[in-house]
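Enquirer: Pasting in a structure now, in C-alpha cells, and then I'll have a few things to ask.
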Amino acid sequence: MRRLFTDTRFDFIGVRYYAYLLTAAFFIPGLVLLLTRGLNYGIEFTGGTLVQIQSSAPVDVGALRSALDAHGLSGAEIQAFGSDRDYAIRARLGRGGAPEESDATVAAVQATLDATLGAGKYQIVRHEAVGPKVGGELRQKAFLAILLSFGAILIYLAFRFEWRFGLAAISATAHDVLGTIMFVSLLRLEVSLVIVGAVLSVLGLSLNETVIIFDRVRENERKRLKIDLPSLLNLSINETLPRTVLTHGTSLSTMATLAIFGGEVIRPFAIVMFFGVFTGIFSSMFIAPVALMYIRRRWPMKGAARAVTAPATRAAPAAVRD
Amino acid sequence: MQNIRSRLIAIGIMIALAIWSLIPRSTTVRVRDPVTGRMHDSTVRRVPINLGLDLQGGIHLALEVDQSKGPVADPKEAISRAERVVRTRVDEFGVTEPVVQLVGGNRLIVELPGEKDPARAKGIIQRTAFLEFRITDMQNLFREALPEIDRELRTEGVTASGAATPSAVSQLFGSDTSKQHAKGKKAQQAPDTSQNQPGALSALLYQGQLPGEFLVPEEQVPTAESLLARPEVQRLIPRGLDLKWGTQVESRGARSYRALYAVQARPIITGEELEKATARRDPMTNQSIVEFTLSRRGGRVFERETGQHVNDYMAIILDSRVQGQPPIIKSQIGQRGQIELGNRSLEEANDLALVLRAGALPAPLTIVEERTIGPSLGKDAISDGIKAGIAGVILVVVIMIAYYRFAGVLAVLALVLYALYTLAGLSGFGFTLTLPGLAGFVLSIGIAVDANVLIFERIREELAAGKSIRLAIDQGFARAMNAIVDSNVCAILTALFLFQFGTGPVKGFAVTLILGVLASMITAIFVTRTFFLIWLQRRPNMQTLSI
C-alpha cells in the first residue's frame, strides 16, 4: 500500500498568521490592481464586435494595426489566437470609436484586411456582435448568479450542518472568488462568459474542499474527543490531507491537459481553474477552519452551552431538596 | 450473491440504455444543394448528440422590437407577432434544427446551425412581414395545365420516379387507391402518349379537398419544388396564377402531406388594410372564430371583391406561405368580417389572429446580439477538446492505478461507465454539447475521481485502524457517503445557477457538469461498490487489499 501524507500532524491553525500574511500579500496588490486597472471585459459584457480571421499567410500585426487605425478603429484590439495566422480583432463599444453598427465594424475590418493581407487570402471564421444593452444585462446576471449561489449554498449548509459552518464555508469561498477575480485581472485575461463559468467552478470546487474538511470536523465532534477546537480542526484537516493531495493532483493534471491541448477558447478557463485549485485548497485549510473557530468564539454553540449548564440545572433541584 | 446479481442487472440495464441512446441513427435533414441552391432532404447516420453552434458552426441572433424609430404600442405583443413571422420564415434557411425562442418576453433568439451567411440570415429575418388574401384557382386552370407540363417535362427527359404511384392527379380522399395503383401499373406496362400516362409532376400531386389545393407527400416536397422551379414549368403555369406552399402538414394514414395551392396572382387585399384581428370562441355555436376589422378604404375594396367571389376559397398568405386551410367566402363582407374555424381549437384561432396582426402591423426587429461561427472553427474545437479529454483521462488512469493498484483499476472501470452515462444523458435528454460543455465534462471527470478517492482513503483509514477487510470496505463506503453527497449537492447548486443565468455555451457547461456529477455519484457509490462486492466474493480469504 502506497500512502502519501498519512498520519501527518501539521499545525494548520497554529500557522494561521503566516496564512494571513500570504493572503494580504496577494490581496492588497490585487485589490489595488482591480480598482485601478479593472477587468478586461470581453465584448459579451461591454457590447462591441469581434472578428476572428484565419489567414493563409502569417499576419503582419504592425501593418494591421496601422491600417485599423486608418479605418477609424484605433480602439480595436488585435489578439493572436494560437498561431501567427489566427487573429481576433475586438472593437468594444464606446472605446476608440467602434461604431454602433456592427456591420460597419466588420466592413472596416474587411477593408483593412483586404488592404493588408489581400482579398481571398483570409477568411472570417467567427464574428460576434453584441449590443450595449445585452452586455449590461449580462454583467448584472453574472454577479447575480454568483451572489445567488452563495445564498443557496449557505442555506444548504445551514440545513445539512449548521449555520456557523455555512458562514465559515462562504467566507472561505468568497476569498477564493475574489482572489480568482484578481488573478483574472492580474493576467489581463479577457472576461468572457467562459471565465464567469470558471469563476463559478472555482466557487464550487473551493466549497467542495471546505465541505469535505467540515464533514470530517462534524464527524470528529460526534466522537466527543477530549481535545479543544483548534486541535480538532487540525486533526480533521490532517485526516483529509491524503484525499486532498490525490484529488487535486488529478484535477490539476486534467486542468493542465486542458490548458495545453484544449485550444484557445478553453485555455483561459483551464488557467483560471488551475489557480482556483490552489486557492481552493489554501482557503479550505487555512481560512475556513479559522473562520469557523472565530465564529464559534463569537457565537458559541447552543449544544456546547447546554452541556455546560446541564449539570448546574441538575444541581439546582438537589439544592432545593437540601 | 442475490444482492450482487441484482446490482449487476441494474448496471447492465443502465449500460444498455446508455448504449441505446448513443448508437448512431438515421435522421432526415434538409440540406441545401451546393450547386442549385435548392433544398432537399437527405438522410445521415450520426450519434444523436446535439452539438452547439460553437462546435458545428452557425449563426445565433438575438432580436428585439426596434423602438428607435418611435415607440411601439405593445412591445410584448409585437415581439410575439415577430416570433410568429420568423417561425414561418425559418425553414427558408434549410438548416437542420433551427431554434426560434422567445426569452424574457421581449427578446427573440434565432439559432441557425450550419448557416454561414450572416447577411442573408439577417435579411430574411428582418424582412417586413407581408400578408395578403388571394382567391384559389377556382377554375382548376392549373390542374388542366398539368398534362401539358408533364409533356414538356418528358421532352426534357424528366419522368415520374419509380417510387411514386404513377397516376394522373388523383383523388386522395374517398377513392379506391388500390384500383388507382393497378391503373398506374397498366399505364406503365403499355406506354402511350395519352394524357393518362404518369407525368413527372402530376404523379406527385394529389387533388385536395378544395379547388386549387393539392397535397404532396412530405418526402416528395423537395422533388416537386425543384420541378416547379424549372423555367419551362414556370412558363406553362397559367397566366394570373401563382403556386404557394402551405404551412401545415396533414397526415392521412401513415403518410404525411404538405399542401400546395394554386392561387390567383393578384391579392384581393393586403395586410396594410387590416386594422384588428382577435380570436374568440362563439358561445352560441361553440366555434372558434377570428374577427377582423379593415380600414374604411380596405372595407370598400373587400366588399367589392368578396361580392364577386361568394363561395370561392380565400387563401391567407403570410410571407408566401398559405396559413391553414383557405376558408370559403360565404357572403359579401365589408369592413368587418369573421373567419370561422369550426371545431378547431381556440389556440389555432389565436394563432391565425396573430398571423393577421403580424401582417397588419409588421414589427420591425433590431439585432442586439449576433454570433457567427465558421464550421472549421467548430471542427478544430472538437478535435482540441477530444485531444485534451483523452490526455486528461490517460493521466487520471495512470494516477489512479499507480496509487490504488487493483482498486484503482476498478475505479477506472467505473470511470468508463461514468463517461458513458454522462454522454448518454446528454443524448437522452436532448441537451446540447458545447465547447465549455467539453470543459465541464473534463472537470466532472475530476469530480468522479474525487468520489472514488474519498471512498478509497476512507477504506485505507479503516484498514489502518485494524478493521477486517470486509468491515473496512463497508464502513469506508458508508462514511464517505456524507462527504460525497454534500460536496456534490454544492456543485449541482452552483451549476444550476450557472444554467439559469447562462446563454448557449455556458448552459452547455452547466448541463454537462450537472449530468457529470449525477453520473459520478451513481458510478462511485453504486458501480464501484458492486465491483468491490464481486472482488470480495471471488477472494473470500483475501488477507491484504490491493488499495
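Enquirer: If you take the residues in the range A:256-285 that are more than 10 Å from every other protein chain (Cβ to nearest Cβ) and over 12 Å from A:ALA198 (Cβ atoms), which one is surrounded by the most Cβ atoms within 10 Å (Cβ to Cβ)?
Expert: The selected residue is A:GLY280.
Enquirer: Residue check, B:GLY246 against (1) more than 17 Å from B:PHE130 (Cβ to Cβ); (2) assigned to a strand (DSSP E or B), all met but one. Which one?
Expert: All conditions are met except number (1).
Enquirer: Is at least one residue of the range B:404-417 among the hydroxyl-bearing types (Ser, Thr, Tyr), closer than 30 Å to B:ILE447 by Cβ and either in the same structural domain as B:PHE456 (by TED's automatic domain parsing) or surrounded by 15 or more Cβ atoms within 10 Å (Cβ to Cβ) (or both)?
Expert: Yes - at least one qualifying residue is present in the range B:404-417.
Enquirer: Scan the helices (runs of 4 or more DSSP H) fully inside the range A:38-140 and keep the ones with 3 or more residues being surrounded by fewer than 21 Cβ atoms within 10 Å (Cβ to Cβ).
Expert: Where helices (runs of 4 or more DSSP H) fall fully within the range A:38-140 and carry at least 3 residues being surrounded by fewer than 21 Cβ atoms within 10 Å (Cβ to Cβ), they are A:61-70, A:102-116.
Quick grid of which residues meet (1) closer than 20 Å to B:PHE499 by Cα; (2) in the same structural domain as A:ARG298 (by TED's automatic domain parsing); (3) in contact with a Phe, Trp or Tyr (Cβ under 6 Å, 6 or more places away or on another chain):
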position	(1), (2), (3)
A:PHE143	yes, yes, no
A:LEU148	yes, yes, yes
A:ILE153	yes, yes, no
A:PHE165	no, yes, yes
A:LEU178	no, yes, no
A:SER185	no, yes, no
A:GLU190	no, yes, no
A:LEU193	yes, yes, no
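Enquirer: Tell me whether the range A:240-255 contains one or more residues that are free of Cβ contacts under 8 Å to residues at least 40 places away in the same chain, of a type outside the set (Phe, Trp, Tyr), more than 23 Å from B:ALA439 (Cβ to Cβ) and assigned to a helix (DSSP H, G or I).
Expert: Yes, the range A:240-255 contains at least one residue that is free of Cβ contacts under 8 Å to residues at least 40 places away in the same chain, of a type outside the set (Phe, Trp, Tyr), more than 23 Å from B:ALA439 (Cβ to Cβ) and assigned to a helix (DSSP H, G or I).
Enquirer: Looking at (1) touching a residue at least 40 places away in the same chain (Cβ under 8 Å); (2) exposed (fewer than 13 other Cβ atoms within 10 Å of the Cβ); (3) assigned to a helix (DSSP H, G or I), find the lone condition where B:ARG266 falls short.
Expert: (3)
Enquirer: Then there's this: Residue check: is A:GLY30 in a helix (DSSP H, G or I), more than 14 Å from chain B (Cβ to nearest Cβ) and either surrounded by 18 or more Cβ atoms within 10 Å (Cβ to Cβ) or in contact (Cβ under 8 Å) with a residue 24 or more places away in the chain (or both)?
Expert: Yes, satisfied.
Enquirer: When you look at B:ARG281, is it farther than 27 Å from B:SER345 by Cβ, more than 30 Å from the chain's Cα centre (by Cα) and either buried (at least 18 other Cβ atoms within 10 Å of the Cβ) or outside the structural domain of B:VAL233 (by TED's automatic domain parsing) (or both), yes or no?
Expert: No, not satisfied.
Enquirer: OK, next. Go over the candidates B:LEU513, B:LEU498, B:LEU463, B:LEU518 one by one and state the one that is within 19 Å of A:ALA152 (Cβ to Cβ) and either surrounded by fewer than 21 Cβ atoms within 10 Å (Cβ to Cβ) or more than 9 Å from every other protein chain (Cβ to nearest Cβ) (or both).
Expert: Of B:LEU513, B:LEU498, B:LEU463, B:LEU518, the one residue that is within 19 Å of A:ALA152 (Cβ to Cβ) and either surrounded by fewer than 21 Cβ atoms within 10 Å (Cβ to Cβ) or more than 9 Å from every other protein chain (Cβ to nearest Cβ) (or both) is B:LEU518.
Enquirer: Out of the range B:383-432, which residues are in contact with a Gly (Cβ under 6 Å, 6 or more places away or on another chain) and away from every other protein chain (no Cβ under 11 Å)?
Expert: Selection gives B:ILE401, B:THR422, B:THR432.
Enquirer: Residues that are part of a helix (DSSP H, G or I), surrounded by fewer than 22 Cβ atoms within 10 Å (Cβ to Cβ) and in contact (Cβ under 8 Å) with a residue 24 or more places away in the chain: does the range B:364-374 have at least one?
Expert: No, every residue in the range B:364-374 fails to be part of a helix (DSSP H, G or I), surrounded by fewer than 22 Cβ atoms within 10 Å (Cβ to Cβ) and in contact (Cβ under 8 Å) with a residue 24 or more places away in the chain.
The values are calculated or read from the model by the stated rules, or taken from the named source; none is laboratory data. Predicted model, so just to flag it, every value in this text is computed and none were measured. Ideal geometry is used to build each Cβ from the backbone, glycine not excepted, and the neighbour counts take in all protein chains shown.
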